[in-house]
Amino acid sequence: MKSITAPDGTTWGVQVQTPGASNAVIFFRHPDGRTSRLDRYNWIITNGPESRSVTARLDADDLLDRLDASAIQRLFARSMAVSRPDSLVKQKA
C-alpha cells in the first residue's frame, strides 16, 4: 500500500481494488480506521492491451506500482467521499 499526504497534513493509505479490464477503483483510506465513512475513492481508466479483452484483468499491485506521486495527487484531488454524512446524527448548527 502506498500513502499520500493531503494538504491538511492527513496521511491517507492508497489502495487499488476491483480491477477490471480497463479500470480500477483507487481507495484513499483515512488513518482513523474505526470507520470507512471518512474514506475517499476515484476511478482510474487505462488504455493498455488488456482493455481490449473482455477476459483480461488489470493486476492491482502492478497498477499501484505504476502510479507515481503526481498521478496519486491528481486522483486524490478529484476523489469523492465513500459515503454521505449520517442523516441520523444531528448536525451542529
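Straightening the chain between N42 and S83 buys 13.5 nm, computed as 0.36 nm per residue apart minus the Cα-Cα spacing. A Cβ-based charge dipole, computed about the Cα centre of the chain with Lys and Arg at +1 and Asp and Glu at -1, lands at about 480 debye.
Full extension of the chain segment joining S3 with S53 gains 14.9 nm, where the gain is 0.36 nm per residue of separation less the Cα-Cα distance.
Across the range 2-81, how large is the tail of the calculated P(r) beyond 18 Å, expressed as a percent of all Cα pairs? Pairs farther apart than 18 Å: 39 percent.
Each value in this text was obtained by applying a stated rule to the coordinates, not by laboratory testing. Small disclaimer: the values here were computed from a predicted structure and weren't measured. With ideal geometry, Cβ positions are generated from the backbone for all residues, glycine too; neighbour counts draw on all protein chains shown.
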